1. Got at least one residue in segment 114-122 being in a loop (DSSP other than H, G, I, E, B) and touching a residue at least 12 places away in the same chain (Cβ under 8 Å)?
2. Determine, yes or no, whether Leu138 is under 18 Å from the mean Cα position of the chain (by Cα), closer than 22 Å to Arg37 by Cα and either assigned to a helix (DSSP H, G or I) or free of Cβ contacts under 8 Å to residues at least 24 places away in the same chain (or both).
3. For segment 79-104, name all the residues that are among the hydroxyl-bearing types (Ser, Thr, Tyr) and assigned to a helix (DSSP H, G or I).
4. Would it be correct to say that Arg60 is surrounded by fewer than 13 Cβ atoms within 10 Å (Cβ to Cβ), more than 18 Å from the chain's Cα centre (by Cα), part of a helix (DSSP H, G or I) and of a type in the set (Lys, Arg)?
5. Kindly indicate which of Arg28, Arg55, Arg76 is of a type outside the set (Asp, Glu), out of contact with any Gly (no Cβ under 8 Å at 6 or more places or on another chain) and at pLDDT 90 or above.
6. Going by the conditions given, is Ala107 part of a helix (DSSP H, G or I) and under 21 Å from the mean Cα position of the chain (by Cα)?
7. Restricting attention to segment 64-77, which residues are within 23 Å of the chain's Cα centre (by Cα) and surrounded by 12 or more Cβ atoms within 10 Å (Cβ to Cβ)?
Amino acid sequence: MTGANSRPWVEVGRQQYEKQAVLPAVARDRADLICRRLSWLDEPDRLLLELVYLRGSTCRQIAGLRGLRTSSVTRRVRKLTNQLTRPDYPLCLRHRSELTPLELKIARDWFAAGLSRREIARRRGLSLYQVDRILRRLKALVAAHRPKPVASIPFPAAPKEPCP
């Protein structure tokens, strides 16, 4: 027996190899994106990600230097990278003409830096009510300008009568 069907493991191995070749490129693109957006963060968080992405330090090394648990550093790095790769703050920046300077600062605090409502209120000298009102407006703006998902093609409905 010859042909492609006689050795299916060859095809599986080729697909796995191609996936492994693509993963570093995807990771490199994500790292580049994060490095471009480091200026959005406060200094302690920016320094943490600079150690990881620009200097190549591991979370274990950073935890040892700071006297923290490795899991705490890993969790913080993951949270920050997820926030920097989300499209919410870039959407706010793209539509900055629709926002006041205060709303833009709160968008940065909320979407990019991941600060809590209470911390935003403390830093900006606002009440929680004012912060909540601005966050509702920001979330509505992001939802209105977020790209719409591509409609999927529905599957045909199952026959109502039993098959013979």
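1. Yes: one or more hits.
2. yes
3. Thr81, Thr85, Tyr89, Ser97, listed by residue number.
4. Taking the combined requirement at face value, the residue satisfies it.
5. When all the criteria are applied, what remains is Arg76.
6. Considered against the rule, which asks whether it is part of a helix (DSSP H, G or I) and under 21 Å from the mean Cα position of the chain (by Cα), Ala107 comes out as yes.
7. The answer is Thr70, Ser72, Val73, Thr74, Arg75, Arg76, Val77.
The values are calculated or read from the model by the stated rules, or taken from the named source; none is laboratory data. Bear in mind the structure is a predicted one, so any value in this text is a computation, not a measurement. Backbone-built Cβ (ideal geometry, glycine too); neighbour counts: all protein chains shown.
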